[in-house]
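The values are calculated or read from the model by the stated rules, or taken from the named source; none is laboratory data. It should be emphasised that the depicted structure is a prediction, and the values quoted were computed from it without experimental measurement. No Cβ is skipped: glycine too gets one built from the backbone with ideal geometry, and neighbour counts run over all protein chains shown.
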Amino acid sequence: LVSGLGARRRSPGRRARRRDLPHRAPCAAPRLNDAMATAVSKKRKPSSVASQILAVCKEHDGQGGVAQKVLESKLAENDVKSADMLAALNELMKKGKVVACPGMDKALVFRLQSDEDAAKMRDLTAEDRLVYQEIEQSQNKGASTKDLRSKTGLQAPALTKALKKLETRKLVRQVKSVASKNTKIYMLIDLEPGREITGGTWYSDDQEFDHELITHLRNAAIGLVQREVQATVAQVHEFINNSGLVRGKVLEPSDIEEILETLVSDARLECDKQLTGSGGGRALFEKLYRMRPSFAFIDDEVRAYTSVPDCACLSCSSNWRSGAGTQLRPCPAITAWLAQACETNAHW
């Protein structure tokens with residue numbers, strides 16, 4: 001019984017028959033052709049799809065980002081499939097390494113994002129990102145709450161919650177517009193408001209029309225033209241900038257031209273054009289401003305015609321007639337007054 005429970009022993013004949021089988025050589029590994037070897041070597045590259053995307057975005061960082069078509073063509077050179085690219089892009093955008101924004105032709109453009117900005121964008125919901133993209137697209141013109149509601153399709157409570165969260169993260173800020181002071185305008189926190197919002201040079205920091213500044217600039221322009229007899233826009237612009245009259249603002253030549261044109265409209269100055277050269281087959285002219293002749297101001301012009309002399313012929317119609325006839329005789333006072341008014345008008 002004990003021997004029967006032991007291991008079964010193979011018979012000598014069975015072992016001999018197994019040794020008589022022919023010897024087989026080990027199977028050789030299949031040899032890869034050149035195309036397969038290249039594909040395997042590419043798959044073994046340490047750089048992942050995400051790192052390739054970051055490299056392409058870095059190359060186009062100075063251009064404001066890389067378009068989706070350009071990114072696809074660059075990765076296609078390394079045999080990266082579109083599905084793998086999209087998966088890597090989604091992962092990079094979740095981490096905040098890459099952001100997507102609409103381009104000029106409404107196509108997606110991908111650009112790198114700093115770690116600081118990535119921290120601000122972390123944990124934002126889809127609604128928050130949608131509101132942020134619309135505000136970013138408005139640039140320095142800003143976006144009103146009414147525009148954001150129509151473009152995002154969000155209800156007022158959801159939009160208010162998203163805007164408050166973006167303001168808390170210091171991603172956007174609220175600005176006031178001179179055109180509509182009761183309308184809330186939102187723009188990116190690192191952008192300066194455009195002329196449409198601030199009103200331009202002629203508005204103060206409180207968004208009030210700066211009458212005092214305009215008066216000082218008008219007087220300075222007239223003083224220069226009186227000393228120099230005539231002056232161009234560039235000369236007046238250089239004089240005012242060097243005088244230190246304006247602080248905290250940068251005046252452009254177009255701003256000075258607006259001041260000079262108001263003086264022309266008030267008949268304080270007159271404008272002429274002088275030839276400065278030619279270019280592209282066309283003559284180039286420059287505006288030249290000079291003082292108006294004496295008594296040519298509007299107030300003097302009106303005074304010359306409205307200051308009727310006090311003479312007896314105006315109160316007594318009989319003085320206009322010479323005797324009993326119907327022939328009128330000239331009044332010396334009226335004649336002198338009309339002569340002076342006509343002389344004043346001749347200086348225009």
Checklist entry - In this structure, is Leu171 closer than 30 Å to Val66 by Cβ and buried (at least 18 other Cβ atoms within 10 Å of the Cβ)? => result yes
Next on the checklist: Tell me the residue from Ala221, Ala179 that is among the aliphatic types (A, V, I, L, M) and not assigned by TED's automatic domain parsing to the domain that holds Ala143, please.
Outcome noted: Ala221
Checklist entry - Got a sec? Which helices (runs of 4 or more DSSP H) wholly within region 153-252 have at least 3 residues that are within 20 Å of Lys120 (Cβ to Cβ)? => result 156-168
Checklist entry - Can you tell me which residues in region 65-87 are surrounded by 15 or more Cβ atoms within 10 Å (Cβ to Cβ), outside any loop (DSSP other than H, G, I, E, B) and not charged (D, E, K, R)? => result Val66, Ala67, Gln68, Val70, Leu71, Leu75, Met85
